[in-house]
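First the structure, in the form of structure tokens, and then the observations on it.
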Amino acid sequence: MYLDATPLLVGYQTDSSPSALQSTPIQGFHRSSQPPADSAPLKPIYYDGTAHLMTVAPTGTGKGRGVVVPTLLTYPGSVVVLDPKGENYQVTARARREMGQHVIRLNPFGVHDKESDALNVMDVFDLPGIDIETEAQLMAELFSQGLKGTKEPFWDLTATMLLAGVIGYVASVCPPEERNLATVRDILFDSDAIYRLALILDTHGKQLPKAAYHQIAAFLAMPDQNTRPSTLATANSYLTPFLSEDVNRVTSRSTFKLTDFRDGAPLSIYIVVPPDKLVSHRALLKLWIGVLLKTITSRVTIPDLQTLFMLDEAGQLGHFAYLYNIITLCRGYGLKCWTIWQDFQQLESNYPHDWQTLMNNCGVLQFFGCKNVQIARRIEFVTGTSALQVQKLRTDQQLLLLDGDAVFSRKVDYLADPAYQHRFDPNPFYRRSGPIDTDTAGPGRT
């Protein structure tokens with residue numbers, strides 16, 4: 001049975017009041033990276049509620065150094081980490097293993113090295129209680145949300161219908177070794193896909209779920225001049241990212257069991273997709289994250305430790321209806337999401353009508369790195385804290401909204417805090433010749 005939420009360190013309280021905060025001297029075009037130390041001892045601020053967390057801070061202001069890495073170095077429960085640069089894995093994987101975690105890295109594009117685990121999303125159909133027809137439709141929608149093929153809703157709707165039918169066929173009829181996305185891809189990219197789909201209905205029609213049968217049959221009944229070819233082309237556009245052997249290698253099988261993840265086994269899953277492929281392979285990210293979220297919601301027993309989803313660069317996922325539903329409706333499955341955004345524009349662009357609802361479902365809102373009055377005013381709108389005070393925050397300070405209460409505090413810094421000493425490994429993006437501009441670069445970076 002689920003006991004208490006595992007505390008998460010979100011900052012340090014000092015005796016400095018917000019009104020006493022002063023701007024640090026400006027060096028060139030940057031604030032000093034060595035702010036004056038507070039005279040009062042640092043008091044940890046922990047969040048032990050069951051709600052989700054959200055960080056909003058620009059690139060290069062320390063989201064990795066002060067949020068992601070410290071959490072991964074200390075959180076004892078299972079984690080899923082969106083790790084675009086692969087640096088969080090490099091810095092924290094050893095510590096996770098030493099905590100007794102089985103570390104998994106989904107690394108289709110060989111960031112840092114070629115080693116990678118694998119996750120076949122079709123394994124979700126093996127979970128107890130899964131309805132094939134419903135899950136096939138949800139999976140098809142994750143494909144189409146990843147990359148809309150046209151401006152006309154008709155083509156996306158019919159292509160999603162076709163894709164759901166083929167997924168339903170593969171999940172219900174194909175042998176285990178063929179139950180993967182490569183089979184879905186091969187069917188729809190077949191040189192005579194129409195004949196192959198007709199053969200599926202003739203040969204396996206009685207074995208198919210009713211929805212899959214009707215979805216494939218409806219596609220075959222479309223006019224063959226324009227409608228059917230355009231629908232097939234749209235469905236294939238969703239599958240384009242899955243044509244590469246790199247992706248096929250990490251999606252055709254699984255190196256861990258979804259049932260272990262569901263049951264709360266100590267797993268640390270790093271999803272490494274480089275920044276230049278976050279948009280083109282958005283569907284892959286959504287499928288992996290969506291299947292892991294679905295696995296969590298299939299729980300019938302809640303583990304003692306919550307599973308933490310740490311989604312850096314959440315804005316790159318685009319509109320993600322399933323994630324939105326998880327954050328707003330599914331708090332009772334032993335799951336906590338910590339989403340990290342660059343700015344309000346990302347949040348509003350992805351969820352133009354619902355961004356405030358997402359914020360309202362978070363027990364912690366974290367803001368730092370405010371660079372202009374426009375951003376400060378947006379933070380004022382959300383927190384009620386004056387824009388002037390927000391702009392006066394030093395580079396080592398932040399504003400937290402803890403269950404509605406605004407708190408000025410010191411940021412966590414795994415490079416400066418003795419508690420993290422010897423627990424982390426070097427960041428490969430940091431070189432003595434000069435650090436790359438990344439959130440968790442070497443000493444002196446914020």
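What are the residues in segment 221-237 that are surrounded by 16 or more Cβ atoms within 10 Å (Cβ to Cβ) and either touching a strand residue (DSSP E or B) at 6+ places or on another chain (Cβ under 7 Å) or farther than 26 Å from Val250 by Cα (or both), if any?
Filtering segment 221-237 down to residues surrounded by 16 or more Cβ atoms within 10 Å (Cβ to Cβ) leaves 222, 228, 230-232, 234-237.
Across segment 221-237, the qualifying residues are Met222, Arg228, Ser230, Thr231.
Does Lys392 qualify as being among the basic types (Lys, Arg), under 23 Å from Asp312 (Cβ atoms) and in contact (Cβ under 8 Å) with a residue 60 or more places away in the chain? Criteria not met by Lys392. With respect to being touching a residue at least 60 places away in the same chain (Cβ under 8 Å), out of contact with any Lys or Arg (no Cβ under 9 Å at 6 or more places or on another chain), assigned to a strand (DSSP E or B) and crowded, with 21+ Cβ neighbours inside 10 Å, Val69 falls outside the description. Between Asp38, Asp48, the distinction of being surrounded by fewer than 23 Cβ atoms within 10 Å (Cβ to Cβ), assigned by TED's automatic domain parsing to the domain that holds Val412, at pLDDT below 95 and under 23 Å from the mean Cα position of the chain (by Cα) belongs to Asp48 only. For beta carbons closer than 6 Å, sequence separation of 6+ or different chains, a first residue in segment 364-382 that is without any contact (Cβ under 8 Å) to a residue 24 or more places away in the chain and assigned by TED's automatic domain parsing to the domain that holds Ala57 and a second that is assigned to a loop (DSSP other than H, G, I, E, B) and hydrophobic (A, V, I, L, M, F, W, C), the qualifying pairs are Ala376/Cys370.
Just checking: which of the helices (runs of 4 or more DSSP H) contained wholly in segment 106-221 hold 1 or more residues that are of a type in the set (Lys, Arg)?
On the way: elements: 132-146, 153-172, 181-188, 193-204, 210-220.
Of the helices (runs of 4 or more DSSP H) lying wholly inside segment 106-221, those with at least 1 residues that are of a type in the set (Lys, Arg) span 181-188, 193-204, 210-220.
Applying the condition of being part of a helix (DSSP H, G or I) and hydrophobic (A, V, I, L, M, F, W, C) to segment 238-279 and asking which residue is farthest from Ala118 (Cα to Cα) yields Leu239. All conditions in (1) among the hydrophobic types (A, V, I, L, M, F, W, C); (2) surrounded by fewer than 18 Cβ atoms within 10 Å (Cβ to Cβ); (3) in contact with a strand residue (DSSP E or B) (Cβ under 6 Å, 6 or more places away or on another chain) hold for Leu243, with the sole exception of (3).
The values are calculated or read from the model by the stated rules, or taken from the named source; none is laboratory data. Remember, it's a predicted structure, so these values are computed and weren't measured experimentally. For neighbour counting, all protein chains shown are included, and Cβ atoms are generated from backbone atoms with ideal geometry for every residue, glycine included.
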